[in-house]
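The values are calculated or read from the model by the stated rules, or taken from the named source; none is laboratory data. Since the model is a prediction, treat every value here as computed from it, not as a measurement. Don't worry about glycine lacking a Cβ; one is built from the backbone with ideal geometry, like all the others, and counts go over all protein chains shown.
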């Protein structure tokens, strides 16, 4: 990437890239009094330490430390469209995405239909070689991440969630490398570990609700608030639900992006916004001149 | 220290990008880059240390002395040049994501496109963003309420 950007012939020193560890290179950036601003995407723990250590030199910070994003399936949703859309959001980037929709909130009245629709849609999300355009879920980035996913799947089973698809171990035919099974748990309670912690892998928790108000309450009952989705046929209703979710972005009916729309979180999903005018303003300070 | 010559397919990166040039790392720690589909080492990267970081910060600080006074139009040009330079390497950037972290090719392609598009989106946002605002400070409002000169009220 740096080779590519070098060709842009920027003024010297405008872009500098030092590859290194967060607790070495990152720590120096946070400590150094010549640096005015840190913009960071990563974990909650590191985000907190940047804010804490940056206070020494009055750093301004933009932090994006992940999410546990809810997808609210309203009871008027067309499942043949809504469930594939929900699974795209759950498994995007093999689940290794801060915006991944890893909690699916489904109406209790349609729970059996939802389970069937998930089972019907799963063949469209094959595990495979990431270089193959047909592949939907590739390997995890490292052995450490593979182990982490396995431990979350075990914890889900131990805490009483019911496995609908997937589970522990490698998928058949992918015993080498860091491939995991795309996994869907049903009958998950929102206070279970798999519904509260960011797993960063293709593990979806399906949680049932009785009423719209309860769905909103469950969606907001999270330390995170980065992204959310609302799936339903009545758009006015979907918009009304969207405005009650404490998340930096809420998409209605499909995963979508807009490069001018702000990106960032509520609560532990961070501070500040990226992209568009909000992203530029995050690097500006205001000066008033009075006469 | 591990050597880079044990396997011809292993790519080694030993430099950082500081002050417009690729410079040899002062830090000496070497990290393996492992291909997630098979666990094989495909690269070795020399990691920077505090000294490399300080050099980069010093370069940025000295660039800012003049760049800090650049106009919107100059910055817009820079963003367009970055877009053009990155666009020329879309395929390389996508295949690096597939190879190095196992990103699925369809999604990696979208991410690269959106990353590259971000330069033009930033240019658009910059053009649309008013950097100054002014309003009538209504001197008669203050003169009615201030019993002392304003310069003494503001301490």
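Points to keep in mind about this one:
- Just one of the listed residues (A:151, A:208) is within 21 Å of the chain's Cα centre (by Cα) and over 26 Å from residue A:238 (Cα atoms), and it is A:151.
- Single unsatisfied condition, residue A:254 versus (1) at pLDDT 95 or above; (2) surrounded by fewer than 16 Cβ atoms within 10 Å (Cβ to Cβ): (1)
- Filtered residues of region A:167-197 (kept if assigned to a loop (DSSP other than H, G, I, E, B), closer than 20 Å to residue B:102 by Cα and touching a residue at least 24 places away in the same chain (Cβ under 8 Å)): A:171, A:174, A:177, A:178, A:179, A:180, A:181, A:182
- With a requirement of 2 or more residues that are within 13 Å of chain B (Cβ to nearest Cβ) and without any contact (Cβ under 8 Å) to a residue 40 or more places away in the chain, the helices (runs of 4 or more DSSP H) lying completely within region A:1-114 that satisfy it span A:2-6, A:27-31.
- Checked against the criterion of being modelled with pLDDT of 95 or more, over 23 Å from the mean Cα position of the chain (by Cα), on the phi > 0 side of the Ramachandran plot and surrounded by 13 or more Cβ atoms within 10 Å (Cβ to Cβ), the candidates A:166, A:177, A:160, A:173 yield just one match: A:177.
- Enumeration of residues in region A:233-272 that are in a loop (DSSP other than H, G, I, E, B) and without any contact (Cβ under 8 Å) to a residue 60 or more places away in the chain: A:243, A:244, A:246, A:248, A:256, A:257, A:258, A:259, A:260, A:261, A:262, A:266
So that you can scan it fast, the table gives a plain yes or no per residue for (1) within 14 Å of chain B (Cβ to nearest Cβ); (2) in contact with a helix residue (DSSP H, G or I) (Cβ under 6 Å, 6 or more places away or on another chain):
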site: A:218; (1), (2): no, no
site: A:221; (1), (2): no, no
site: A:244; (1), (2): no, yes
site: A:252; (1), (2): no, yes
site: A:259; (1), (2): yes, yes
site: A:270; (1), (2): no, no
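- Of all residues in region B:89-129, those satisfying the criterion of being in contact with a strand residue (DSSP E or B) (Cβ under 8 Å, 6 or more places away or on another chain) and touching a residue at least 24 places away in the same chain (Cβ under 8 Å) are B:99, B:100.
- Any hit, region A:184-202, residues being more than 16 Å from the chain's Cα centre (by Cα) and under 29 Å from residue A:131 (Cα atoms): yes
- So residue A:217, is it in the same structural domain as residue A:136 (by TED's automatic domain parsing) and assigned to a helix (DSSP H, G or I): yes
- Qualifying residue in region A:124-136 (condition: at pLDDT 95 or above, away from every other protein chain (no Cβ under 14 Å), surrounded by fewer than 23 Cβ atoms within 10 Å (Cβ to Cβ) and in a helix (DSSP H, G or I)): no
- Residue within region A:273-289 that is buried (at least 16 other Cβ atoms within 10 Å of the Cβ), more than 14 Å from chain B (Cβ to nearest Cβ), out of contact with any helix residue (DSSP H, G or I) (no Cβ under 8 Å at 6 or more places or on another chain) and not in a strand (DSSP E or B) present: no
- Some residue of region A:74-94 being assigned by TED's automatic domain parsing to the domain that holds residue A:197 and at positive phi: yes
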